[in-house]
1. With respect to residue 33, is the statement that it is in contact with a Pro (Cβ under 6 Å, 6 or more places away or on another chain), in a helix (DSSP H, G or I) and either at pLDDT 95 or above or buried (at least 23 other Cβ atoms within 10 Å of the Cβ) (or both) true?
2. Give the stretch 123-139 a look and list any residue that's closer than 22 Å to residue 207 by Cβ and either among the hydrophobic types (A, V, I, L, M, F, W, C) or open to solvent by less than 30 Å² (accessible area, probe 1.4 Å) (or both), or say none.
3. Could you please tell me which pairs satisfy a Cβ distance under 7 Å, a separation of 6+ or placement on different chains, a first residue in the stretch 103-121 that is of a type in the set (A, V, I, L, M, F, W, C), and a second residue that is open to solvent by 40 Å² or more (accessible area, probe 1.4 Å)?
4. For residue 23, state whether it is part of a strand (DSSP E or B), under 23 Å from residue 150 (Cβ atoms), in contact with a helix residue (DSSP H, G or I) (Cβ under 7 Å, 6 or more places away or on another chain) and at pLDDT 95 or above.
5. Quick one: residue 138 ticks every box in (1) farther than 24 Å from residue 60 by Cα; (2) in contact with an Asp or Glu (Cβ under 9 Å, 6 or more places away or on another chain); (3) modelled with pLDDT under 95 bar one, so which box is it?
6. Look at the stretch 82-119 and say how many of its residues are assigned to a helix (DSSP H, G or I), modelled with pLDDT under 55 and charged (D, E, K, R).
7. Need at least 1 residues that are within 19 Å of residue 126 (Cβ to Cβ), open to solvent by less than 80 Å² (accessible area, probe 1.4 Å) and free of Cβ contacts under 8 Å to residues at least 24 places away in the same chain per element, so show me which strands (runs of 3 or more DSSP E) inside the stretch 140-209 make the cut, counting only ones lying wholly within it.
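The values are calculated or read from the model by the stated rules, or taken from the named source; none is laboratory data. This is a predicted model, so every value here is computed, not measured. Virtual Cβ from ideal backbone geometry, glycine too; neighbours counted across all protein chains shown. To get the accessible areas, we keep the full protein, side chains included, count just its heavy atoms, and leave off ligands, DNA and RNA. Shrake-Rupley method; radii C 1.70, N 1.55, O 1.52, S 1.80 Å.
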Amino acid sequence: MSRTPQIVRTTGGQILAAGEVLARAFINDPLCVYTQPDPEARMSQFTWLFTQLVRDAARQDGVYTNTRVGQPDGVAVWVAPQAEERTAEVAVWGEMDQMEQRFGPQAYRRFTAAYRHFDHIHHQRMAGPHWYLALLGVSPRRQDQGIGRALLTPVLRRADQEGLPCYLETFVSDNVPFYEHRGFQVVDTGVEPQSQVAFWAMKREPRAV
């Protein structure tokens, strides 16, 4: 029996579950930890935020999950190139009024200050149309089983067909080789001044098909 993960676009009924998967996957992410040091509050707050981002991206058919007994174990949230050059940052800023209430003023200020820095780098490095990998997460109990790689495949293949680059940021150094093996290269790296969170901005050029 094949153990290849089955990847599908997220349906409306999976949005909350996808947000929860992402929150578990990012529970120890440096930016999330900096934003909210308390683990219980972090899980609750980022479940809410990731659910909003999944819902927004799903409207553009940009969310992919693997399905096992109806529940996702991994989620990829992509923002597609749009004529108005809409990116995931627009979706995040669209939630900011609610986010301040959900996160509280201190966590809100920490997150938004750091996010502006990464937003600026994104727009510096990617002037034209591109696919943006806003989030890629796999439940901790299902990691190292090929799910993350499989989640990337549909959009990487589509980007190659369209002749478009892809972009992402990661705040975990161990993630860099994973993405390099999928064709991404580091185009910027450093430390966000206020949070001291290290980052790697990565770009993938389209491959010939």
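1. no
2. Those that are closer than 22 Å to residue 207 by Cβ and either among the hydrophobic types (A, V, I, L, M, F, W, C) or open to solvent by less than 30 Å² (accessible area, probe 1.4 Å) (or both): 126, 127, 130, 131, 132, 133, 134, 136.
3. 113/194; 114/34; 114/194
4. no
5. Status for residue 138: all satisfied but (1).
6. Total satisfying the criteria: 1.
7. Output list reads 184-191.
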